[in-house]
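The values are calculated or read from the model by the stated rules, or taken from the named source; none is laboratory data. Since the model is a prediction, treat every value here as computed from it, not as a measurement. Cβ placement follows ideal geometry from the backbone for every residue including glycine, while neighbour counts extend to all protein chains displayed. Surface accessibility is based on the protein's heavy atoms, side chains included, excluding ligands, DNA and RNA. Shrake-Rupley method; radii C 1.70, N 1.55, O 1.52, S 1.80 Å.
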Amino acid sequence: MFAFTSSTRWLRPILIGAGIALLLAILFARPAAADTPIGGSIGADTVLTPAGNPYVVVNGVRVFGGVTLTLQPGVELRFQNDTDLSIEGTLIAQGTAAYPVTFTAAITPPSPGAWRQVVFQSGAKGRLSNCLVQYAGQWDYPAIGILSSDVVIGNCRVRDNANDGVAIIN
């Protein structure tokens with residue numbers, strides 16, 4: 001056991017302070033948010049919650065017909081280069097003013113055209129409210145493409161995209 005002597009007493013407050021700092025760091029440390037990768041086909045009803053934030057789209061995501069993808073308030077989808085979200089079924093993305101649903105780029109710093117688009121294929125359905133769609137429009141795609149679909153968009157911000165914000169194609 002270590003004993004403090006007259007020549008090492010100056011060390012005692014330093015060690016006590018370091019021990020307290022270490023204890024506080026351990027007690028109040030929060031784990032770093034880990035990216036949740038998402039990609040490929042979604043063939044069953046799926047709900048994404050803010051607990052998984054951020055969701056990083058690593059391949060294009062395709063929601064099959066008859067399937068619903070629900071994004072809860074506060075969910076953030078970050079799209080890697082050359083990826084998109086293609087809806088053949090239903091997309092429900094209903095955020096709130098305080099917790100919008102965000103569709104954005106995965107790169108830092110983000111720039112317009114960093115990812116492709118959210119596209120509603122013919123016959124798809126969608127309800128988007130209190131959403132933010134930004135930095136899309138890669139390869140001349142609109143940020144949101146609607147092809148003969150039943151889509152309602154309200155209170156959404158579509159900004160900083162390389163091309164059209166919303167394109168409706170019949």
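Peptides 39-50, 145-156: what's the order by average Cβ count within 10 Å, highest mean first?
145-156, 39-50
How do PHE79, PHE64 rank by accessible surface area computed with a 1.4 Å probe, from largest to smallest?
Solvent-accessible surface, decreasing: PHE64, PHE79.
Under the Karplus relation 6.51 cos²θ - 1.76 cosθ + 1.60, θ = phi - 60°, what is the ordered set of whole-Hz ³J(HN,Hα) values for segment 138-143, x standing for Gly and Pro?
Working through the residues one at a time gives 5, 6, 6, 7, x, 4 Hz.
Report ³J(HN,Hα) in whole Hz for each residue of segment 101-114, in order, from the Karplus equation J = 6.51 cos²θ - 1.76 cosθ + 1.60 where θ = phi - 60°; Gly and Pro get x.
For segment 101-114, the Karplus-derived couplings read 8, 10, 10, 8, 7, 8, 7, 10, x, x, 8, x, x, 6 Hz, x marking Gly and Pro.
Name the long-range amide H neighbours of SER41: under 5 Å, sequence gap of 5 or more, or other chain; modelled H, no Pro or chain starts.
Those lying under 5 Å, H to H, from SER41 are ARG62.
Under the rule of at least 5 residues apart or a separate chain, name every residue whose amide H is placed under 5 Å from the amide H of VAL57.
Amide H to amide H, under 5 Å and 5 or more residues apart or across chains, VAL57 pairs with ILE38, ARG78, PHE79, GLN80.
Just to verify a number: FRET efficiency for ASP45 and ILE169, C-beta to C-beta distance, R0 = 30 Å, to 0.05?
Result of the calculation: an efficiency of 0.65.
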